[in-house]
Amino acid sequence: MTKGTLPPWGPAWSGAALGTGGLATLSHLHGWGVVSALALILAAVLILSILAGWARHRVPPLRRVAMPAWALLGMSITTLGSAQTPLTHQWWLHAALVLIGAVICVSANIAYWPVLRSEPNFLSLFPVMSPVVPAVGLAQWAASETLPDVGASIVKAVGWALCVLAVAGAVPAFILVYRHMLPLGPPAPLAATCWIPLGIVGQSVVAVLTLGGPRAYGWVVLSLGVPLACWAAWRHWSSIPAWAPYNPTWWASTFPVATCGAGTYALSGGTGGLYAVSLALLFLLVAHWLLAVTRAASHLLQRRA
């Protein structure tokens, strides 16, 4: 791949920060403290460098068609806010990052709907499902006992609103996108994007359970996610031996696995078979993350050769 075929460093690369933040969260849940801390630091560095990259290049612009990249950035900032809290206990930072991310995600969601039909692919799901990520952060903040009762109730209500916005929009968006993607899926360079729908599967379970919703939702949604995950694994893993050209979507296989791992963990209560599934998903997340890093390193070596 020649120089100039990839987007400049900026929001389009936020999948790297999002997947790394998801690794920080899921590894913390399973007691991998060192991994969680290192991933958290790396996610913060990535987000800061992505913001600096956009300040330099101004790519992508603030246009409707670019909202998938901006939704990725909003989710990355929110995930960093949620991931740092168990380690630093800085709820003011949690609130600040989650609110910033929420504004970006909701703005991307509203702006992108008019052009969704013209680009029915898995990347187009990012703006649709992005509000569910700050919904989790708001749910955690509301349950933290750092707010007065009235404030906690307001934050919880906003969390529910964002969760409903994402889940309600995901249903027609999923139908539209899967109608165009099945049965063969995207081309090999974009094969990792098949995991993207799993993002809202796991994240909405965490949101609903943290907000005090019914556990039945978790069982139903995670069950529906099983065939989606099997198809995504088939399409993605079968493309790996071809070592497709590098692009930002290689990171699309990371965060959805992290959310499903967090969702199964929340539903398991920390024990039993679902806990084992969550742990297995952590190992899968590490494998996907290392794969994305290895492909990035391979691309850099090819460019220098």
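The values are calculated or read from the model by the stated rules, or taken from the named source; none is laboratory data. Just so it is clear, the model here is predicted, and its values are computed rather than measured. Glycine also receives a Cβ, built like all others from the backbone with ideal geometry; neighbour counts cover every protein chain displayed. Protein only, heavy atoms only, side chains kept; ligands, DNA and RNA dropped before computing areas. Shrake-Rupley method; radii C 1.70, N 1.55, O 1.52, S 1.80 Å.
Remarks
- With Cα atoms, 0 to 90° folded angle of helix 67-88 axis to the chain main axis: 50
- For region 11-296, relative contact order (Cα pairs under 8 Å, six or more residues apart, normalised by length) works out to 19 percent.
- Most to least packed among 293-302, 188-197, 227-236, 71-80 [average Cβ atoms within 10 Å]: 71-80, 188-197, 227-236, 293-302
- Against the chain, whose longest principal axis is taken from its Cα atoms, helix 149-181 shows a tilt of about 30°.
- Solvent-accessible area of W250, all protein chains in place: 20 Å² (probe radius 1.4 Å, heavy atoms, ligands and nucleic acids excluded).
- With the cut-off at under 19 Å, measuring from each backbone N in region 82-100 to a point 7 Å along the Cα-to-Cβ line of A157 picks out 99.
- Which label in (1) 0.93; (2) 0.98; (3) 1.22 gives the computed Cα Rg over 2.2 N^0.38 Å: (1)
- Distance from the alpha carbon centroid of region 38-55 to that of region 267-283 works out to 29 angstrom.
- Binning all Cα-Cα separations of region 160-305 at 5 Å, short to long from zero, yields these whole-percent fractions: 2, 10, 18, 21, 17, 14, 10, 5, 2, 1, 0, 0.
- Using alpha-carbon coordinates, inclination of helix 14-29 to the longest axis of the chain, degrees: 40
- Label sites at L301 and A287, each approximated as a point 7 angstrom past Cα along Cα to Cβ, lie 2.2 nm apart.
- Packing rank of 105-115, 237-247, where each peptide gets the mean count of other beta carbons within 10 Å, highest leading: 105-115, 237-247
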